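Chemist: Sharing a structure here in structure tokens format.
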Amino acid sequence: MSTAMNFSTKSFTPRPPDKGAFPLDHFGECSAFKERFMECLRHSGYESAACRQHAMAYLECRMDRRLMANEPLEKLGFKDLINEKSEENHEK
């Protein structure tokens, strides 16, 4: 009787996440945006809804510098903020 185990010939092939890579910001290109967001969170008692403008700016920075895949901000949950911004521009 053999004690060797037979493993299947199929191997696992890893695949990247559906939305692509989300590399770290090694050079700190967006750290100022991140710090403003974190400061807002601290001042608002960690109420993230109060800091959505900062979160949007941080994600825009990451997309501009190709640290994340470009996504429409509407798809990331900022549709209402974009509408407010465009209404302000029309009033001026």
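Chemist: Could you count how many residues in the stretch 52-64 are closer than 19 Å to M38 by Cβ and open to solvent by 40 Å² or more (accessible area, probe 1.4 Å)?
Modeler: Adding up the residues that qualify gives 5.
Chemist: Here's another thing I want to ask about it. Six or more apart or on different chains, Cβ atoms under 7 Å: show the pairs whose first residue is in the stretch 32-43 and without any contact (Cβ under 8 Å) to a residue 60 or more places away in the chain and whose second is surrounded by 16 or more Cβ atoms within 10 Å (Cβ to Cβ) and of a type in the set (F, W, Y).
Modeler: F33/Y58; K34/Y58; F37/Y58
Chemist: Would you mind stating whether D25 is open to solvent by less than 60 Å² (accessible area, probe 1.4 Å), at pLDDT below 90, of a type in the set (D, E, K, R) and on the phi < 0 side of the Ramachandran plot?
Modeler: yes
The values are calculated or read from the model by the stated rules, or taken from the named source; none is laboratory data. Everything quoted here is computed from the prediction, not taken from an experiment. All Cβ positions, glycine included, derive from the backbone under ideal geometry; neighbour counts span all protein chains shown. Note: areas computed on protein heavy atoms with side chains; ligands, DNA, RNA excluded. Shrake-Rupley method; radii C 1.70, N 1.55, O 1.52, S 1.80 Å.
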